[in-house]
Amino acid sequence: MPVYTLPDLPYDYSALAPVISPEIIELHHDKHHAAYVKGANDTLEQLAEARDKEQWASVNGLEKSLAFHLSGHILHSVYWRNMTGEGGGEPLRADGVGELADAITESFGSFAGFKAQLTKAAATTQGSGWGVLAHEPLSGRLIVEQVYDHQGNVGQGSTPLLVFDAWEHAFYLQYKNQKVDFIDAMWAVVNWQDVAARYEAARSRRTILPV
């Protein structure tokens, strides 16, 4: 059975400084993300054991555990590649990401409107969670979602393109309790080339959903 593995960072620990300190990157990736990978694999083993022994009483809790750990693994895998030390600004046609820029304008009215909505969504997520720019396959439009913990409050079938981690472990060592300051700073390291590639991949998939 395939197992999940922790992906390597596409840069060194200091690559996103001063927006995100090397200490945070190391702890976040090597400890927190690794824990979600282990949690997903452990839960798969427990589900396999429950099936083999037909012990179904534990399935409800195990399904919730799998959703939590697997979604955490997926979102963090997107998160690391959504950032670069040479990023920031906004997507521009001159940089080869014009189709993403057009889609943002079409879906949100302007880049400024999109930026404000995603910033507020990430900063006001209650408790732990994420702000997410996602592709919604029924309409083909882009939407902003608030993800509680790792898996709640999302449109089914939507594909995350750009994710802002608003869990305290993502910023507290550096920004203390100023989550808004962290979210504002994150825009300086957005890797629009990665976001555009995810957008192209998401919209090129043939949907099998009803319309």
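Within the range 71-78, identify whether any single residue is surrounded by 18 or more Cβ atoms within 10 Å (Cβ to Cβ) and either among the β-branched types (Val, Ile, Thr) or over 24 Å from residue 185 (Cα atoms) (or both), and answer yes or no. Looking for residues that are surrounded by 18 or more Cβ atoms within 10 Å (Cβ to Cβ) and either among the β-branched types (Val, Ile, Thr) or over 24 Å from residue 185 (Cα atoms) (or both), one finds at least one in the range 71-78, hence yes.
Residue pairs whose Cβ atoms lie under 7 Å apart, sitting 6 or more positions apart in sequence or on different chains, and linking a residue in the range 117-131 that is within 10 Å of residue 183 (Cα to Cα) and of a type in the set (Val, Ile, Thr) to a partner that is open to solvent by 10 Å² or more (accessible area, probe 1.4 Å) and part of a helix (DSSP H, G or I), are 119/184.
Among the residues of the range 76-116, those that are at positive phi and touching a residue at least 40 places away in the same chain (Cβ under 8 Å) comprise 88, 89, 96. Checking each residue in the range 7-53 for being under 25 Å from residue 179 (Cα atoms) and of a type in the set (A, V, I, L, M, F, W, C) picks out 9, 15, 16, 17, 19, 20, 24, 25, 27, 34, 35. Quick check: anything in the range 103-124 assigned to a loop (DSSP other than H, G, I, E, B) and surrounded by 22 or more Cβ atoms within 10 Å (Cβ to Cβ)? Checking the range 103-124: not a single residue is assigned to a loop (DSSP other than H, G, I, E, B) and surrounded by 22 or more Cβ atoms within 10 Å (Cβ to Cβ). Filtering the range 125-135 to residues that are in a loop (DSSP other than H, G, I, E, B) and surrounded by 19 or more Cβ atoms within 10 Å (Cβ to Cβ) leaves only 125. In this structure, residue 107 does satisfy being under 22 Å from residue 143 (Cβ atoms) and either modelled with pLDDT of 95 or more or polar (S, T, N, Q) (or both).
Is it the case that residue 140 is on the phi > 0 side of the Ramachandran plot, in contact (Cβ under 8 Å) with a residue 12 or more places away in the chain and open to solvent by less than 40 Å² (accessible area, probe 1.4 Å)? Against the criterion (on the phi > 0 side of the Ramachandran plot, in contact (Cβ under 8 Å) with a residue 12 or more places away in the chain and open to solvent by less than 40 Å² (accessible area, probe 1.4 Å)), residue 140 qualifies.
Residue by residue, here is whether (1) open to solvent by less than 40 Å² (accessible area, probe 1.4 Å); (2) within 20 Å of residue 23 (Cβ to Cβ) holds:
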| residue | (1), (2) |
| --- | --- |
| 147 | yes, no |
| 154 | no, no |
| 178 | no, yes |
| 190 | yes, no |
| 195 | yes, no |
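The values are calculated or read from the model by the stated rules, or taken from the named source; none is laboratory data. Source: prediction; values computed, not measured. Note that each Cβ is placed from the backbone with ideal geometry, even for glycine, and that neighbours are counted across all protein chains shown. Note: accessible area is taken over every heavy atom of the protein model, side chains too, but ligands, DNA and RNA are not part of it. Shrake-Rupley method; radii C 1.70, N 1.55, O 1.52, S 1.80 Å.
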